[in-house]
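The structure that follows is given in the form of structure tokens.
Just so you know, all these numbers are worked out from the coordinates, no wet-lab data involved. Quick caveat, the model's predicted, so the values are computed rather than measured. Glycine gets a Cβ as well: all are built from the backbone with ideal geometry, and neighbour counts include every protein chain shown.
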Amino acid sequence: MTSLLEVEDLHVWFELPRTGHQDRSQVHAVQGVNFELQPGERFGLVGESGCGKTTTVLALMGLLPPNASLAGQVRLDGKNILAGGEDTVRPYRWKDIAMVFQGAMNALNPVKKVGWQIAEPMAFHEVAEGKAALKRAGELLELVGIPARAARRYPHEFSGGMRQRASIAMALACEPKILLADEPTTALDVMVQAQILELLTRLSDELGLGVILVTHDLPVVAQVCERAAVMYAGEIAETGPMDSLYHRPQHPYTRLLFAATPDLYGEGDVTSIPGSPPRLDTELPGCPFRPRCDVPLEKCADVHPLLRWVGDEHLAACHRAEARADELAEAK
Amino acid sequence: MSETQAFVPPGSVSADAVGSQSAVAVTTVADREPQIGAPLLEVTDLVTHYPLRRGLIDTAARRPRLRVHAVDGVSFRLDRGEMMALVGESGCGKTSTVQTILGMVKPTSGAVRLNGTDIAGMADRQMRPLRRTVQMIYQDPYESLDPRFRVRQTVEEPMLVHGIGSSSADREQLAVSALEQAGLRPAELFLDRYPHELSGGQRQRVAIAAALVLGPQLLLADEPVSMLDVSVRAGVLSLLDSLRKDAEMGILMITHDLSTAAHFADKIAVMYLGRIVEQGTASEVVRNPQHPYTKALLSVVPKRDPRDRSAPQILTGETPDPILVPRGCRFNPRCPVAVDRCRTEDPALREPAPAAIGHLAACHLA
């Protein structure tokens with residue numbers, strides 16, 4: 001069975017303009033990312049800022065800036081949509097893969113009515129036009145919990161939560177199979193956040209929409225997604241079912257991220273992770289997380305750990321998990 | 001001033017610095033000697049309304065002038081060494097409450113007592129020496145620091161405003177100890193940097209140092225970590241926690257994150273439409289909530305454990321308009337358990353029967 005979406009060995013580089021004293025000019029933002037998404041599945045991409053989460057999803061949309069170059073395959077229903085670079089993505093963009101951007105509620109055009117803005121991509125992709133498109137815009141607003149008559153209003157007449165819903169409705173305009181949501185609830189109130197997360201869950205359950213949720217907020221992913229990948233320094237440090245990631249984390253970064261997140265009823269200390277993610281303009285020797293790791297081994301300084309099986313659907317890139325990985329490999 | 005003097009173990013530096021600075025603070029405000037036994041901050045029936053402009057037609061028709069009921073009768077007290085979290089949705093009046101305490105907004109009525117002295121509505125000139133006692137930390141350290149100021153200038157500016165330190169060397173030493181107290185060690189490394197050379201967490205620590213340099217007794221922190229990366233939030237919160245414990249500061253923290261409040265605050269006050277609807281110790285409010293609004297808020301907080309997926313009790317809509325406050329209990333239009341009485345009678349904040357001492361809720365049914 002082919003998955004809805006398969007990302008294989010995705011790399012993204014950014015070419016940086018040369019500045020005065022620096023002639024190093026390439027940032028390797030995404031370094032060989034692999035994952036799959038099934039229809040109706042909710043998958044989380046988590047990590048700190050600067051770990052390559054947003055770059056990864058922008059690459060799937062073919063929306064990287066002109067100074068980016070990429071390698072690897074992104075297969076949608078088995079077809080490699082990145083085969084000819086960004087140009088081959090265009091027919092799929094919005095029609096098959098759609099995205100809700102970070103701060104999308106501020107991305108609506110203030111001088112156009114909300115309904116018109118939702119209808120526009122339909123006309124562009126020849127899904128519907130004119131009255132039919134506007135009618136469908138109303139239906140989409142109903143789907144995300146806004147009365148259809150609100151289509152005749154301007155964005156400033158909407159509250160923050162409504163604007164975020166409207167931008168989700170806009171992303172759904174051409175009936176995509178995959179929705180990429182980049183920090184869809186950051187800057188929203190807890191109650192509105194709960195409403196939006198419930199909406200995303202309902203859409204994926206009812207429409208079979210595959211959702212990739214990009215966020216730094218682990219509890220949000222824990223509540224919404226079945227599986228997740230923890231990204232660090234442009235790589236996947238650990239991936240697996242949410243339950244394994246929380247109860248049996250194999251990578252120290254995953255464990256420390258959870259430990260840095262306060263929980264409502266949680267006991268024990270909340271501790272920050274010292275240091276910050278590394279710059280990605282030079283090749284890093286050994287494990288990229290080693291400088292911040294609380295349990296580094298000697299070999300971590302020069303041997304780069306690979307992502308290996310450490311349990312059911314559970315992979316981690318850590319030398320500490322190697323023994324377990326060897327055991328599993330032998331058992332197979 | 002020499003580096004050897006600046007380099008003393010961080011703990012002792014901070015304690016000394018704070019001690020000497022607050023001694024200065026007391027002499028400058030000697031005319032309003034703190035009353036013995038008065039709480040650090042006591043807010044009584046605070047009301048802040050913003051009048052709205054009427055249009056020409058409304059004025060001609062003599063329609064009543066509308067008002068935003070931003071803060072509508074808030075009372076609480078905060079002691080030295082205590083951290084209280086104000087939680088609630090946007091527009092519930094958290095920020096207006098803090099701005100009124102700070103004197104940035106004049107209250108419509110009510111009292112704000114700082115060490116027993118009522119500062120509400122005090123003239124700016126009288127207020128000035130007291131400003132040192134109350135310092136504010138803002139949400140976004142990317143916006144709150146001047147991008148063209150070096151760390152040194154940012155931290156020394158408040159001293160220039162308040163005339164602290166006799167020489168620039170003196171001020172530099174105070175800046176160094178404030179930076180070290182804020183966890184930027186060694187401080188000399190940071191003095192000449194610009195904000196763009198610092199990470200988000202470091203920027204927020206610089207903002208905190210600029211507040212500490214005046215030796216405040218009360219810190220008001222408006223969402224101090226919401227703009228920071230998850231990995232550094234705990235560090236900044238622990239810093240606030242240690243200022244409260246070691247330097248005996250009172251901290252009033254605005255947050256929309258109940259998990260953070262539950263973890264770091266001693267007390268939680270839940271605000272809704274300009275009122276405190278529930279307050280008590282953090283563990284009481286979180287584990288034994290009495291007000292339906294608190295219960296709903298707690299139910300939608302995502303838990304870290306994916307096995308712990310309780311059905312969130314989602315309230316429809318957002319905080320209603322503070323211009324037209326509902327009759328009766330102001331929460332009744334969104335309340336899942338409202339009865340007739342709630343639509344006519346405004347409930348007072350009181351101790352409900354099953355709750356612990358000091359745990360208050362404004363609900364007829366609690």
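Could you state the angle between the C-alpha long axis of helix B:10-28 and the longest principal axis of the C-alpha atoms of chain B, as a value from 0 to 90 degrees rounded to the nearest 10?
Helix B:10-28 sits at roughly 80 degrees to that axis.
Which ³J(HN,Hα) values, rounded to whole Hz and listed in residue order, are derived for the stretch A:160-170 from phi using the Karplus coefficients 6.51, -1.76 and 1.60 in 6.51 cos²θ - 1.76 cosθ + 1.60 with θ = phi - 60°, glycine and proline given as x?
Whole-Hz 3J(HN,Hα) from phi for the stretch A:160-170: x, x, 5, 5, 5, 4, 4, 6, 5, 4, 4.
A follow-up question, please. Using all alpha carbons of the protein assembly as shown, what is the percent of pairwise distances in each 10 Å bin, ordered from the shortest bin to the longest?
3, 13, 22, 24, 20, 13, 5, 1, 0
Regarding the stretch B:146-286, what are the three Cα extents along the principal axes, ordered largest first, in Å?
Projected onto its principal axes, the Cα set of the stretch B:146-286 covers 49, 30, 28 Å.
Okay, next question. Return B:ILE357, B:ILE164, A:ILE118 ranked ascending by Cβ neighbour count within 10 Å, so the fewest neighbours appear first.
B:ILE357, B:ILE164, A:ILE118
So for the stretch A:5-128, taking the charge dipole from beta-carbon charges (+1 Lys/Arg, -1 Asp/Glu), which of A:GLN117, A:ALA71, A:LEU60 sits furthest toward the positive end?
Comparing the listed Cα positions along the dipole, A:GLN117 ranks first.
Here's another thing I want to ask about it. Could you derive backbone 3J(HN,Hα) for the stretch B:199-206 from the dihedral phi with the Karplus parameters 6.51, -1.76 and 1.60 (θ = phi - 60°), listing whole Hz in sequence and x where the residue is Gly or Pro?
Using θ = phi - 60°, the values come out as 7, x, x, 5, 4, 5, 5, 5 Hz.
Ignore the peptide's own chain and count Cβ atoms of other chains within 10 Å of each Cβ in B:222-232; give me the average, rounded.
Averaged over the peptide's residues, the number is 5.
For a 19 Å ceiling on Cα separation, which of these pairs sit above it: A:LYS79/A:LYS177; A:LYS131/A:LYS177; B:LYS94/B:LYS267; A:LYS299/A:LYS332; B:LYS245/B:LYS267; A:LYS95/A:LYS177?
A:LYS131/A:LYS177; A:LYS299/A:LYS332
Kirkwood Rh and Cα-based Rg: tell me the resulting Rg over Rh for the stretch B:81-173, rounded to two decimals.
My calculation of the ratio gives 1.01.
Also: Given 25 °C and 0.890 mPa s, compute D for the stretch A:1-78 with the Stokes-Einstein relation, Rh being the Kirkwood radius over Cα pairs; round to the nearest whole µm²/s.
My calculation gives 178 µm²/s for D.
Give me the percent relative contact order of chain B, please, defined on Cα pairs under 8 angstrom at least 6 residues apart.
20
Taking the stretch A:49-160 as the region of interest, what is the percent of Cα-Cα pairs per 10 angstrom bin, listed from the shortest bin to the one with the maximum distance?
Reading upward from the zero bin: 13, 35, 31, 19, 2.
Let me ask something else. For q = 0.15, 0.16, 0.18 Å⁻¹, what log10 I(q)/I(0) does the stretch B:227-353 give under the Debye formula with an equal point scatterer on each alpha carbon and no solvent?
-0.84, -0.94, -1.11
Give the dimensionless ratio obtained when the Cα radius of gyration of the stretch A:160-248 is divided by 2.2 N^0.38 Å.
This ratio for the stretch A:160-248 stands at 1.12.
Next question. Which ³J(HN,Hα) values, rounded to whole Hz and listed in residue order, are derived for the stretch A:263-278 from phi using the Karplus coefficients 6.51, -1.76 and 1.60 in 6.51 cos²θ - 1.76 cosθ + 1.60 with θ = phi - 60°, glycine and proline given as x?
Taking θ as phi minus 60°, the curve returns 10, 3, 10, x, 9, x, 6, 9, 10, 7, 9, x, x, 9, x, x Hz for the stretch A:263-278.
Calculate the all-directions average of the projected area of the stretch B:23-165's alpha-carbon convex hull, and give it in nm².
The directionally averaged projection comes out at 12.1 nm².
For chain B, modelled as a Gaussian network with Cα springs under 10 Å, which listed residue fluctuates most, B:ARG275, B:ARG80, B:ARG309?
In this elastic network of chain B, the residue with the biggest mean-square fluctuation among B:ARG275, B:ARG80, B:ARG309 is B:ARG309.
As I understand it, the value is the acute angle between the Cα axis of helix B:168-181 and the longest principal axis of the Cα atoms of chain B; what does it come to in degrees, rounded to 10?
Helix B:168-181 sits roughly 50 degrees off the main axis of chain B.
Next question, about the same structure. Can you give me the Rg/Rh ratio for the stretch B:200-244, using Cα atoms for both radii and the Kirkwood formula for Rh?
In the stretch B:200-244, Rg relative to Rh is 0.94.
Pop out the Kirkwood hydrodynamic radius of the stretch B:208-301 from its pairwise C-alpha distances, inverse of mean 1/r, in Å to one decimal.
One decimal place: 14.3 Å for the Kirkwood radius.
Around A:VAL100, which amide H atoms from residues at least 5 apart in sequence, or from another chain, sit under 5 Å from its own amide H, with H modelled in the peptide plane?
The list, which skips near neighbours in sequence, is A:LEU180, A:ALA181, A:ASP182.
So if I place +1 on the C-beta of Lys and Arg and -1 on the C-beta of Asp and Glu, and nothing else carries charge, what would the dipole magnitude of the stretch A:35-176 be about its Cα centre? I want it in debye, nearest 20.
520
In addition: Pick out which of A:VAL230, A:VAL220, A:VAL74 has the largest mean-square fluctuation in a Gaussian network model of chain A, springs linking Cα atoms closer than 10 Å.
Evaluated over chain A, the most mobile residue of the options is A:VAL220.
Taking +1 at the Cβ of each Lys and Arg and -1 at the Cβ of each Asp and Glu, which of A:CYS287, B:TYR194, B:VAL285 sits farthest along the dipole of the protein assembly as shown towards its positive end, judged by Cα position relative to the Cα centre?
Value: B:VAL285.
Hey, how much of the P(r) for chain B falls beyond 37 Å, as a percent of Cα pairs?
Of all Cα-Cα distances in chain B, 25 percent exceed 37 Å.
Based on a Kirkwood Rh over C-alpha pairs, give the Stokes-Einstein translational diffusion coefficient of the stretch A:249-289 at 10 °C and viscosity 1.306 mPa s in µm²/s.
Rounded, D is 130 µm²/s.
Continuing with this model, one more query. Express the Stokes-Einstein translational diffusion coefficient of chain A in µm² s⁻¹, to the nearest whole number, given a Kirkwood radius over alpha-carbon pairs, 37 °C and a viscosity of 0.692 mPa s.
Diffusion coefficient, whole number: 156 µm²/s.
Can you compute the charge dipole magnitude of the stretch A:144-228 about its Cα centre, using +1 on each Lys and Arg Cβ and -1 on each Asp and Glu Cβ, nothing else charged? Give it in debye, rounded to the nearest 20.
For the stretch A:144-228, the charge dipole is close to 380 debye.
Further question: Return the ratio Rg/(2.2 N^0.38 Å) for the stretch A:205-332, where Rg is computed over Cα atoms only.
For the stretch A:205-332, the normalised Cα radius of gyration comes out at 1.11.
Which order results if A:GLU129, A:GLU120, A:GLU330, B:GLU223 are arranged by neighbouring Cβ count within 10 Å, fewest first?
So the residues, fewest neighbours to most, are A:GLU330, A:GLU129, A:GLU120, B:GLU223.
Of the DSSP beta bridges with both residues in chain B, give the percent that are antiparallel, rounding to the nearest 5.
That works out to approximately 60 percent antiparallel.
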